[in-house]
Amino acid sequence: MVLRSNDSGSSSSAASGPTDSTRFVVVRCQTEAPVDDVLVETNHSGFVFVQAKSGLRLDRGTHSPLRSATDQFVRQWRACAEGSDGAKWARPVDRAKDRLVLATTSSSERVNAVLPRLLQRLRDDEAADGLRSVSRSTDEIAVAQVIEEVTQECWRRIYGRAAAAGEIASLLRNVRVQVLDLEDNGRDTASSLELLRSGVLQNPDDASKAWVAIQALTSQLHSTRSGVNASPVLSFLGLHRHRHSHRSGFSTRR
């Protein structure tokens with residue numbers, strides 16, 4: 001889902017992020033990266049850094065989830081730009097194939113509708129110098145102000161200086177908000193099951209079993225702080241349309 005859609009739910013263009021041809025190669029959980037919840041390596045040598053924050057609200061408080069996520073995005077941006085970690089992802093973020101994703105279960109209209117809309121406009125307008133410059137209403141201006149001020153504060157703390165003109169806009173053009181409703185058979189559970197039925201499984205009736213298996217694998221990866229390659233997962237499901245010669249079962253990577 002994160003790889004297939006942008007903030008507005010439509011397919012991403014090559015200029016703004018991974019396309020519909022993008023597939024995951026490796027998924028790792030609880031990683032060494034500053035954005036550490038999930039790290040996806042794609043078949044286009046791209047990286048999707050996912051930070052999950054439950055119930056996110058537009059709160060600029062010192063210990064707010066919004067500030068915590070923003071801090072992690074700025075630290076990730078710097079680590080990638082400086083390339084000093086030695087990891088495969090330690091190179092400048094590339095808008096053509098990378099993403100910084102804020103995944104949330106938020107029910108806040110400002111988080112799940114206004115902010116994604118502003119980020120999309122910023123990506124669409126290369127001349128824009130920030131979120132406030134693409135805001136069209138009082139509510140949008142308020143959201144833009146909070147995001148840009150919190151980002152500037154995090155930037156100053158991490159870099160030891162204020163962000164130069166255009167630096168925050170460059171970072172924010174790489175950020176997506178992915179609102180997920182997976183609890184109690186929510187909206188995204190239904191869409192995930194439909195994706196399994198229509199695009200992954202040979203037998204659509206196996207979608208529920210496959211979904212349970214994917215959830216179990218995700219829990220294991222988080223608890224063991226490990227990762228998994230794509231091909232063994234497909235073999236583990238044993239139901240992918242294109243048969244693979246890999247052994248059954250899956251192995252995790254530390």
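For the stretch 113-158, filtering for residues that are within 14 Å of Asp59 (Cα to Cα) and polar (S, T, N, Q) leaves 2.
Scan the stretch 80-102 for residues that are more than 14 Å from the chain's Cα centre (by Cα) and closer than 13 Å to Val35 by Cα and the total you get is 3. Looking only at the stretch 82-120, which residues are basic (Lys, Arg) and part of a helix (DSSP H, G or I)? Hits for the stretch 82-120 are Arg110, Arg117. Out of Gln120, Gln76, one residue alone is polar (S, T, N, Q) and in contact with a Pro (Cβ under 7 Å, 6 or more places away or on another chain). It is Gln76. Within the stretch 75-119, if we keep just the residues that are crowded, with 21+ Cβ neighbours inside 10 Å and polar (S, T, N, Q), the residue that is nearest to His44 (Cα to Cα) turns out to be Gln76.
Residues that are within 25 Å of Asn112 (Cα to Cα), surrounded by fewer than 20 Cβ atoms within 10 Å (Cβ to Cβ) and at pLDDT below 95 within the stretch 25-35 comprise just one, Gln30.
Listed by position, the helices (runs of 4 or more DSSP H) enclosed by the stretch 121-226 that each have at least 3 residues that are closer than 27 Å to Thr31 by Cβ and at pLDDT below 90 are 187-199, 207-224. Among the residues of the stretch 42-74, those that are crowded, with 17+ Cβ neighbours inside 10 Å and either in a helix (DSSP H, G or I) or free of Cβ contacts under 8 Å to residues at least 24 places away in the same chain (or both) comprise Pro65, Leu66, Arg67, Ala69, Thr70, Asp71, Gln72, Phe73, Val74.
The values are calculated or read from the model by the stated rules, or taken from the named source; none is laboratory data. Predicted, not measured: the structure shown is a model, and the values here were computed from it. Note that we place each Cβ from the backbone using ideal geometry, even for glycine, and neighbour counts take in every protein chain shown.
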